[in-house]
Amino acid sequence: MRRLPRYLKKVEPNAHKIEEHCRKYQRLREEKQLRKSERDRQRRQAEAKATYEKSKKKEQQSEHEASDPDFASDLNDGKTYRYPFLPWLIETKKAQFLNFLSMEKCFQGLLSTPLSTFHLMQLDSEDFCSFLKKSASLSNSSNPNCNRMGELLVEKHAKYIITVEKRKDDFESVVMEHLRLNGVYWGLTTLDIMGKLAAVEQDEVSSWVMQCQHESGGFGGNIGHDPHVLYTLSAIQVLVLFDKLHVLDIDKVSNYIAGLQNEDGSFSGDIWGEVDTRFSYIAILSLALLHRLDKIDVGKAVKYILSCKNVDGGFGCTPGAESHAGQIFCCVAALAITGSLHHVDKDLLGWWLCERQVKSGGLNGRPEKLPDVCYSWWVLSSLIMIDRVHWIDKGKLVKFILDCQDKENGGISDRPDDAVDVFHTYFGVAGLSLLEYPGIKPIDPAYALPVDVVNRVMLGRYSLGFLHTSS
Ligand SMILES: [Zn+2]
């Protein structure tokens, strides 16, 4: 509040009253604002609740229909879940899972449908058998939706990504130089979920990736650049995509990552010591892909992540730091991979996340910010992992992402009519994959890799040779 100048107080006998009025006015204004934001909050909550109730009703309806003899047609109309594979559930349901192995033949039919793994985790063996029969017949008949590619310009995006990779001297390539390994991961994953990975010279790319490795075991963003966990994860993800992990000295890489864990359980990004929950996720994910989680103190890592949880249910980059969607994704995914999701207040966090959807259908990263295509990944994958994705309007979000496409030259931007880049192209297509957009492969919300690739690398340790026959 503005105080009156001293000279005015001298000449104005009622100065104290004016000040009092000012204070009162200020208080009233604050109260009014508070009431308004409370009303807004209640309105948003009511809207989200209505959406939730509507989807719950729909779910019950489709459950009812699922017991119908015409189960197969129900699966095709997109009403049923096509949840990405949740590999961490294997640990808890391992016994059940191993029982299923005797049904190897049924399994082969099952694996060619993306619905498979979610149901695998959910069903008892009896239901499972009947499901297998249905899905085996289903996987032979192609999904009618797949032919109707809608508006996602797959060919143009694939062409855009491949040309960006080849260009070396334009502005974007110069800006991207130190991030090149990340860019390669974004581009290749996008190509893979669109079914276009064959367009890439895999041997050439993987030999370039290996040239980015240092003596320490870590990878730099480009040849000759300093190592960091960010690029090390991208290198691992690219090799996993190509099914070429064997070219890697796995102990050397995992020792590098494990060496970055601090006494309190947190992780530094590199030798310079910056600490951030992003690095916790990256370290945990990298080691999970390499089957070397035993090299770190997982309990301490989880405890540190939980120390970054806020009262709004979200997570920040360090203890006490503001909640942010990108950070929430990292923390929730790290907890998911380590089987610690029970520490998350799913309803509370679900509210915060679903309030990120704005009128245009896009999602923002924090209250009062503009929507951005990359949050389609961070917010959406978090909502899927905590099972609250039905709290947002999925159709509107699909439309928002499709509106961000460059319809002439391919690529996706952060917002409609902005310049495109590989980063947002990846997050746009990956977001559509999470939204079950027809014709693109499902992507795993925690591992940020196509579901079939995660199956291959995570189930590989059970030496299920036949799993490799999946598409
Ligand atoms: Zn963005």
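The values are calculated or read from the model by the stated rules, or taken from the named source; none is laboratory data. These figures come from a predicted structure and were not determined experimentally. Here the Cβ positions follow ideal geometry from the backbone for every residue, glycine too, while neighbour counts run over all protein chains shown. With ligands, DNA and RNA removed, areas are computed over all heavy atoms of the protein, side chains included. Shrake-Rupley method; radii C 1.70, N 1.55, O 1.52, S 1.80 Å.
Couple of notes before you dig in:
- Test: Lys407 is at pLDDT below 95, more than 13 Å from the ligand (Cβ to nearest atom), in contact with a strand residue (DSSP E or B) (Cβ under 8 Å, 6 or more places away or on another chain) and on the phi < 0 side of the Ramachandran plot: no
- Looking across the stretch 272-284, the residues that are closer than 21 Å to Asp226 by Cβ and either in contact (Cβ under 8 Å) with a residue 12 or more places away in the chain or among the aromatic types (Phe, Trp, Tyr) (or both) come down to Trp272, Val275, Asp276, Arg278, Phe279, Ser280, Tyr281, Ile282, Ala283.
- Residue within the stretch 261-272 that is crowded, with 20+ Cβ neighbours inside 10 Å, modelled with pLDDT of 95 or more and within 30 Å of Ala48 (Cα to Cα) present: no
- Residue check, Gly320 in a loop (DSSP other than H, G, I, E, B), small (Gly, Ala, Ser), farther than 16 Å from Val275 by Cα and over 16 Å from the mean Cα position of the chain (by Cα): no
- Restricting Trp351, Trp391 to those that are open to solvent by 30 Å² or more (accessible area, probe 1.4 Å) and under 18 Å from Asp312 (Cα atoms) reduces the list to Trp351.
- Subset of the stretch 44-74 that is in contact with an Asp or Glu (Cβ under 9 Å, 6 or more places away or on another chain) and modelled with pLDDT of 50 or more - its residue that is surrounded by the most Cβ atoms within 10 Å (Cβ to Cβ): Ala48
- Ile305, sole failed condition from (1) within 15 Å of the chain's Cα centre (by Cα); (2) more than 16 Å from the ligand (Cβ to nearest atom); (3) buried (at least 22 other Cβ atoms within 10 Å of the Cβ): (1)
- Subset of the stretch 192-229 [hydroxyl-bearing (Ser, Thr, Tyr) and open to solvent by 50 Å² or more (accessible area, probe 1.4 Å)]: Ser207, Ser216
- Which numbered condition Thr425 misses (of (1) away from the ligand (no atom under 12 Å from the Cβ); (2) over 16 Å from Gly326 (Cα atoms); (3) buried (at least 22 other Cβ atoms within 10 Å of the Cβ)): (1)
- When Ile412 is tested against (1) surrounded by 18 or more Cβ atoms within 10 Å (Cβ to Cβ); (2) under 16 Å from Lys156 (Cβ atoms); (3) more than 16 Å from the ligand (Cβ to nearest atom), only condition (3) is not met.
- Scanning the stretch 411-426 for residues that are within 16 Å of Lys369 (Cβ to Cβ) and under 19 Å from the mean Cα position of the chain (by Cα) returns Asp414, Arg415, His424.
- Within the stretch 356-398, the set of residues being within 12 Å of the ligand (Cβ to nearest atom), charged (D, E, K, R) and assigned to a helix (DSSP H, G or I) is empty.
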